[in-house]
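Structure, as structure tokens:
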Amino acid sequence: MSLLTTPLPRRHSVPVRVGNVLVGGDAPVVVQSMTNTDTADVDSTVKQVADLARAGSELVRITVDRDEAAAAVPKIRERLDRLGVDVPLIGDFHYIGHKLLADHPACAEALAKYRINPGNVGFKAKRDTQFTQIIETAIRYDKPVRIGVNWGSLDQDLLTRLMDENQANGSPLTAQEVLREAIVQSALLSAERAEDIGLAREKIILSAKVSQVQDLIAVYAELSRRSNHALHLGLTEAGMGTKGIVASSASMGLLLQQGIGDTIRISLTPEPGGDRTREVQVAQELLQVMGFRSFVPIVAACPGCGRTTSTVFQELAQTIQNQIRDEMPIWRTKYPGVEALQVAVMGCIVNGPGESKHADIGISLPGTGETPAAPVFIDGEKAMTLRGPRIAEEFRELVIDYIEK
Ligand code: SF4
């Protein structure tokens, strides 16, 4: 692969409408997430879907694993509509999706998309019948389907067949390469089967999730080369904390740079009691720092060093970032374009003025031994110098003024 100094043009994919959101084609890369509540618990699920949507999730997936969950789906949709939360809901089905959709027509109707896993659509002998039933339901209700392969539940018959074929041919592929090929084929063959049944390509999104970065890059590169289906990117079991963020960003960043990917989910394992919306924030920040979309003004701040002995500038940067995030739902509608704003909070004179000039509004706080004065730059020009104990507060006010003007 060549060194990609600029993003490659977006891969052409067939656009798929999911409720009121377009995925693929020329549409911007869509951010999505998934709840971890019991879907049968309507109150908790409504709250979490609303939280995720307010954080910026443009699609939200919920588990539909049993009758109680399927029965709750229309109630959840209704409650969300009453709250004015119009985010499309995606039903995540495994094993008995065909039955749940057949037994709960209101659920089939309320969902904007069905996610099915070709590795576990029903029991082996009946797999094709049950896959067909789900696809026919999608056609009847005019819903798109994500064919979501996951290597943790890969179709073992397909894998065994490819392993045997590889061996019979003298093993030209490593076991890992065969596994990757099985993942790709599982997605492509299932999509082909869905189209044979009558589901239009405009109704199919593909994903093939694995948990290792190099596997993910290889699998999606192959999927994008061999199909024009819209692609959902995601590293499964990405992990906790920084590891999950780094692994997801590294793999998806590289694919997005190659023009691959129409919707992304960052699957983070939340810490106990942790905030589920974190995965939405990370997905937005990934797309924003790569220059593909703008969601929330990002505050640039230096890391600090021996020239900054106080924590004033870190606290100021954090406070401004939090405040911006909190106000965004209102600002977004009030001040169009505010999401692209760049703010800089720097710790000393070394890089402070330079970085601040590149931002829309920036401040260079005084480092150790410097005159206790903080020049503020607005639109690239030095606008004023703040002094005294209220520097942080005054700069926050200036940022708000700037946005409002
Ligand atoms: Fe250190 Fe100043 Fe650079 Fe910040 S801008 S990292 S305080 S030298």
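The values are calculated or read from the model by the stated rules, or taken from the named source; none is laboratory data. Keep in mind it's a predicted model, so treat the numbers as computed, not measured. Here the Cβ is made from the backbone with ideal geometry for all residues, glycine too, and neighbour counts use every protein chain on show. What goes into the accessible areas is simple: the full protein's heavy atoms, side chains included, and nothing from ligands, DNA or RNA. Shrake-Rupley method; radii C 1.70, N 1.55, O 1.52, S 1.80 Å.
What FRET efficiency would be calculated for the residue pair VAL350, GLU195, taking the C-beta separation as r and a Förster radius of 60 Å, to the nearest 0.05?
FRET efficiency, VAL350 to GLU195: 0.50.
Using unit Cβ charges (K, R positive; D, E negative) and no other charged atoms, how large, in debye to the nearest 20, is the dipole of the chain about its Cα centre?
It comes to approximately 300 debye.
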Against the empirical 2.2 N^0.38 Å scaling, what ratio does the C-alpha Rg of the range 215-360 come to? 1.22
How tilted is helix 67-82 with respect to the longest principal axis of the chain? Cα atoms for both, answer in degrees (0 to 90, nearest 10). 40 degrees
For the chain, what does -39500 (n - 2.57) per DSSP helix run (n ≥ 4), summed and divided by total residues, give at 222 nm, in deg cm²/dmol to the nearest 500? -14500 deg cm²/dmol
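If you put +1 on each Lys and Arg Cβ and -1 on each Asp and Glu Cβ, how big is the dipole of the range 204-274 around its Cα centre, in Debye rounded to 20?
Magnitude of the dipole: close to 120 debye.
Can you give the local net charge around ARG180? Use residues other than it whose beta-carbon is closer than 11 angstrom to its beta-carbon, Lys and Arg +1, Asp and Glu -1.
-4
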Given the chain, what count of lysine pairs have C-alpha atoms under 20 Å apart, with each pair 8 or more places apart or on different chains? 17
Express the carbon and sulfur contribution to the solvent-accessible surface of the chain as a percent, rounded to the nearest whole number, probe 1.4 angstrom. 52 percent
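Assuming 0.36 nm per residue, please report the length gained on full extension of the stretch LEU83 to ASN36 beyond their Cα-Cα distance.
14.9 nm
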Spatial separation of Cα centroids for the range 206-243 and the range 12-78, in angstrom: 20 Å
Provide the net charge surrounding LEU111, with neighbours chosen by a C-beta distance below 12 Å and charges set as Lys +1, Arg +1, Asp -1, Glu -1. +3
In square angstrom, rounded to the nearest 10, how much accessible surface does LYS357 have for a 1.4 Å probe? 110 Å²
Among GLN156, LEU223, ALA340, the residue whose Cα sits farthest towards the positive end of the charge dipole of the chain (+1 at Cβ of Lys and Arg, -1 at Cβ of Asp and Glu, taken about the Cα centre) is LEU223
Modelling each spin label as a point 7 Å along the Cα-to-Cβ direction, I'd like the THR368/ALA102 distance in nm, to one decimal. 7.3 nm
Average accessible area per residue (Å²) across the chain - probe 1.4 Å, nucleic acids and ligands excluded: 45 Å²
